[in-house]
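The values are calculated or read from the model by the stated rules, or taken from the named source; none is laboratory data. Just so you know, these numbers come straight off a predicted model, no measurement behind them. We place every Cβ from the backbone using ideal geometry, glycine too, and count neighbours over all the protein chains shown. For accessibility, only protein heavy atoms count, side chains too; no ligands or nucleic acids. Shrake-Rupley method; radii C 1.70, N 1.55, O 1.52, S 1.80 Å.
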Amino acid sequence: MAESVELPSRLAILPFRNKVLLPGAIIRIRCTSPSSVKLVEQELWQREEKGLIGILPVRDSAESATSGTAVSSGMGGETSDSHKLDSKNQQEVIHWHDRGVAARALHLSRGVEKPSGRVTYIVVLEGLCRFNVQELSTRGTYYTARITSLDMTKGELELIEQDQEFVALSRQFKATAMELISILEQKQKTGGRTKVLLETVPVHKLADIFVASFEISFEEQLSMLDSVDVKVRLSKATELVDRHLQSIRVAEKITQKVEGQLSKSQKEFLLRQQMKAIKEELGDNDDEEDDLVALERKMQGAGMPASIWKHALRELRRLKKMQPQQPGYNSSRVYLELLADLPWEKASPELELDLKAAKERLDADHYGLLKVKQRIIEYLAVRKLKPDARGPVLCFVGPPGVGKTSLASSIAAALGRKFIRISLGGVKDEADIRGHRRTYIGSMPGRLVDGLKRVGVHNPVMLLDEIDKTGSDVRGDPASALLEVLDPEQNKTFNDHYLNVPFDLSKVIFVATANRMQPIPPPLLDRMEVIELPGYTPEEKLKIAIRHLIPRVLDQHGLSSDFLQIPEDMVKLVIQRYTREAGVRNLERNLAALARAAAVKVAEQEHLVPFAKDVQRLSSPLLDDKLAESAEVEMEVIPMGVNNHDISGAFRVASPMVVDEPMVEKVLGPPRYDDRETAERVANPGVSVGLVWTAFGGEVQFVEATAMVGKGDLHLTGQLGDVIKESAQIALTWVRARATELKLAISEETNLLEGRDIHIHFPAGAVPKDGPSAGVTLVTSLVSLFSKKRVRADTAMTGEMTLRGMVLPVGGVKDKVLAAHRYGIKRVILPERNLKDLVEVPATVLSSLEIILAKRVEDVLDQAFEGGCPWRQQSKL
């Protein structure tokens, strides 16, 4: 430490710009300007004993000759009177402080002389004591000053130490300083030397030393320099030490809070490191590095194209640099695992197509559907002749339960390829097709890429099920995303947002299913070849039930034909009285209900108590019970092993349960449908029978009309759309215009609606209805109402009409005719221009129906009533 020294009356002065050197502090100065270099050479370097110089603070220096970096970066107090001195080498005025600190050089070093002759000196100085400037003058290029020392004498020091106020200030300063040292010792482990200083160095010098180590302002440091009175100095130093102590406490509190938030991740990291060390000691190779090596090996065997492999390798290198607890680690790893799992080259083996075997497979899996199966055989024939041919995307359109999905499965089986089903029903987000971008949390690949990952080959048969039930909202339009998927010119480079690399979908055989064509956007429909599947006739349903449904239902319920038999007559009864649908799903449900009832009775019999699967013998009580019931038992011991046979397979009872009509009614309830329904509904005038098309196939639609007292208004009910409302208005207008010709009015001046309203109702009011095909049905209902003549109960009709009475063609003729056949209708009136559509109707259905073609509404009326329409006259228009 600096001891008391005698100062000369004059010192060379080194200006210290905007900084203060306090006694006891140590600074390092680089001298580069001519004036400072001259000062060092003459006052310090050339002397055998290192001399003293004065360090004087200045506010602004035009000659930035020196720049110092003190051990403390603190600055202090208020300015006092400044000396102003002009120099011939300066153009600006230097503002000096009137107090400074005498300093001695602890170390001098001379830099290498540059070609320009400039020399640099580095000086380490220690502050000794304060002095007051009496006079400032120049000596060559640097300054000197006449000074007086401000340091206390020994006597003054002994006297001040007896002052009670000084003693109290000293204790307070030491206590605050000791608290600060204790905190710093815990944080930096360097408090030992500082404690020694606190015990050995006088208090008035400690004040300067402590303050010199703080970051305080220049004004505050000047104030500390000007504090010649030791009591004032101690008071200011105590305040600054306490402020520094408080700032450390606040910082420590913030640090503890942050460390508390990070403790969980740090704990996980520590545990992972400990686990890694334990595994290394145990020789367990199942660590993260081995997993990454296995992942890299898996990626190498995935067969990625070169460009994609380069991208994956870059991502893998990035993953290896990350720690497992980093946020992006898991997402990067899952992404690389997806790239490794995708079938870039793996494909199902191409089998030699056997068209005969394929046809037999289709016939075995599906009854009827001759046109559909013929188109599939044609498709397979083209694939056989040209395996790499880009065939059309087949789209099976038809009501539920007619076998659309199973047809796609049969195509996959005939080709020997794997089959994957992608359900699109209710999909409204484009990301379901293209995937989410990896920037989102919880991002996933699209359904197509995920399906290919699950199936494991890049050439499966992929079924896009319910393609007509996709929606659209603010998240995008999935149908538009499917345009790229189903276009053979674009799907070679299908870009999933999650993968962010192209994937080849051209080897995938796409098959789509839909219930209706109308909701499918035209551009998407244009990329597919539509194959319509009609509903089944009752005869076809019977064959399907006998060949497919009954064996499957018995197998699903653990039964066999030895326990339950369903005769054809009972199947017909279920078809006619309990199901009226285009497909066979409700029929299968009803058959399953009969099988469940039989299963209950079989399971309740005591002799069918289950036994262990490995039993190879029959117990004697079982035989006794069967013989006591006088039943013939045929025994066969069957190992209950890997095939997991049901217990029913071990016994064959000679008297199986046969389904009869009472059992059908007991299990299924009263008949839901009756052949007499149509006759009962049209028993009164004003009711006609129409044929409509729905997403579930064709249906019979009754139209009821009635008249009441009113003002001539037309009331329509039954959840009708705008088109069908307009058809009702057209029908009423046509009947009113032809009232005289139809013998409904005495003269043309007669108003049919005078004094009465007409109410037309379409039953099943909960079902929305729309479309123009009910025009002729509405006319027939109104003519029946006004003429009080009943419509024939065995006749149904469909067709759009014009205001002039023309009957226009409609769609869905095939489904409508099949619906009439299901309902027991014998006569069907169709527009004449729909004759071409009858080619698609099965011959068995046409042979049981009388098809009547109508060109005008008068033709419809002539056939709709019993005995014709005797009041009809030749139309004048």
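Of Leu11, Leu22, which residue is more than 13 Å from Ile53 (Cα to Cα), in contact with a Leu (Cβ under 7 Å, 6 or more places away or on another chain) and not aromatic (Phe, Trp, Tyr)?
Within the list Leu11, Leu22, the selection yields Leu22.
Can we say Tyr335 is over 30 Å from the mean Cα position of the chain (by Cα) and hydroxyl-bearing (Ser, Thr, Tyr)?
Against the criterion (over 30 Å from the mean Cα position of the chain (by Cα) and hydroxyl-bearing (Ser, Thr, Tyr)), Tyr335 does not qualify.
Here's the yes/no breakdown for (1) surrounded by 17 or more Cβ atoms within 10 Å (Cβ to Cβ); (2) over 51 Å from the mean Cα position of the chain (by Cα); (3) among the hydroxyl-bearing types (Ser, Thr, Tyr):
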position: Ile760; (1), (2), (3): yes, no, no
position: Gly775; (1), (2), (3): yes, no, no
position: Ser787; (1), (2), (3): yes, yes, yes
position: Met797; (1), (2), (3): yes, no, no
position: Val807; (1), (2), (3): yes, yes, no
position: Val813; (1), (2), (3): yes, no, no
position: Val828; (1), (2), (3): yes, yes, no
position: Pro842; (1), (2), (3): yes, no, no
position: Val857; (1), (2), (3): yes, yes, no
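Test each condition in (1) crowded, with 17+ Cβ neighbours inside 10 Å; (2) under 44 Å from the mean Cα position of the chain (by Cα) for Phe563 and report the one that comes out false.
Phe563 satisfies all of (1) crowded, with 17+ Cβ neighbours inside 10 Å; (2) under 44 Å from the mean Cα position of the chain (by Cα) except (2).
Quick one: which residue in Arg585, Arg580 is under 21 Å from Ala364 (Cα atoms), at pLDDT below 90 and among the basic types (Lys, Arg)?
So the residue among Arg585, Arg580 that is under 21 Å from Ala364 (Cα atoms), at pLDDT below 90 and among the basic types (Lys, Arg) is Arg585.
Report yes if some residue within the stretch 461-479 is at positive phi, over 22 Å from the mean Cα position of the chain (by Cα) and not aromatic (Phe, Trp, Tyr); otherwise report no.
no
Does at least one position in the stretch 282-296 carry a residue that is in a loop (DSSP other than H, G, I, E, B) and modelled with pLDDT of 75 or more?
no
So is Val553 buried (at least 18 other Cβ atoms within 10 Å of the Cβ) and either assigned to a helix (DSSP H, G or I) or not aliphatic (A, V, I, L, M) (or both) or not?
In short, yes.
Only one of these conditions is not met by Val530: (1) surrounded by 19 or more Cβ atoms within 10 Å (Cβ to Cβ); (2) over 28 Å from Ser848 (Cα atoms); (3) among the hydrophobic types (A, V, I, L, M, F, W, C). Which number is it?
Looking at each condition in turn, Val530 falls short on (1).
Residues in the stretch 200-226 that are under 21 Å from Glu165 (Cα atoms), in contact with a strand residue (DSSP E or B) (Cβ under 8 Å, 6 or more places away or on another chain) and outside any helix (DSSP H, G or I): how many?
Number satisfying all stated conditions: 1.
Would you point out the residue of the stretch 335-367, among those that are outside any helix (DSSP H, G or I) and free of Cβ contacts under 8 Å to residues at least 40 places away in the same chain, that is surrounded by the most Cβ atoms within 10 Å (Cβ to Cβ)?
Looking at the filtered set, the residue picked out is Asp354.
From the residues in the stretch 577-594 that are over 43 Å from the mean Cα position of the chain (by Cα) and within 25 Å of Ser406 (Cα to Cα), which one is surrounded by the most Cβ atoms within 10 Å (Cβ to Cβ)?
The selected residue is Leu594.
Look at the stretch 683-697 and say how many of its residues are under 44 Å from the mean Cα position of the chain (by Cα) and open to solvent by 50 Å² or more (accessible area, probe 1.4 Å).
Residues meeting the conditions: 2.
Which pairs turn up if I take residues in the stretch 168-184 that are farther than 13 Å from Leu245 by Cβ and in contact (Cβ under 8 Å) with a residue 12 or more places away in the chain and look for partners that are in a helix (DSSP H, G or I) and open to solvent by 30 Å² or more (accessible area, probe 1.4 Å) with beta carbon separation below 7 Å, at least 6 apart in sequence or on another chain?
Leu169/Lys231; Leu169/Ser235
Taking the residues in the stretch 318-334 that are assigned to a helix (DSSP H, G or I) and closer than 19 Å to Tyr498 by Cα as candidates, determine which candidate is most open to solvent (accessible area, probe 1.4 Å).
Result: Arg318.
Only one residue in Gln273, Gln261 is open to solvent by 100 Å² or more (accessible area, probe 1.4 Å), polar (S, T, N, Q) and at pLDDT below 75, so which one is that?
Gln261
With Val735, Val700 as the choices, which residue is farther than 30 Å from Val397 by Cβ and either in contact with a Phe, Trp or Tyr (Cβ under 8 Å, 6 or more places away or on another chain) or surrounded by fewer than 15 Cβ atoms within 10 Å (Cβ to Cβ) (or both)?
Val735
Among the numbered criteria (1) surrounded by 14 or more Cβ atoms within 10 Å (Cβ to Cβ); (2) farther than 26 Å from Ile441 by Cα, which one does His311 miss?
His311 satisfies all of (1) surrounded by 14 or more Cβ atoms within 10 Å (Cβ to Cβ); (2) farther than 26 Å from Ile441 by Cα except (2).
Those residues that are more than 16 Å from Leu785 (Cβ to Cβ) and surrounded by fewer than 17 Cβ atoms within 10 Å (Cβ to Cβ), I need them from the stretch 703-728; list them, please.
Lys711, Gln719, Gly721, Asp722, Val723, Lys725, Glu726
What is the one condition in (1) under 30 Å from Thr678 (Cβ atoms); (2) part of a loop (DSSP other than H, G, I, E, B) that Leu573 does not satisfy?
Going through (1) under 30 Å from Thr678 (Cβ atoms); (2) part of a loop (DSSP other than H, G, I, E, B) one by one, Leu573 breaks only (2).
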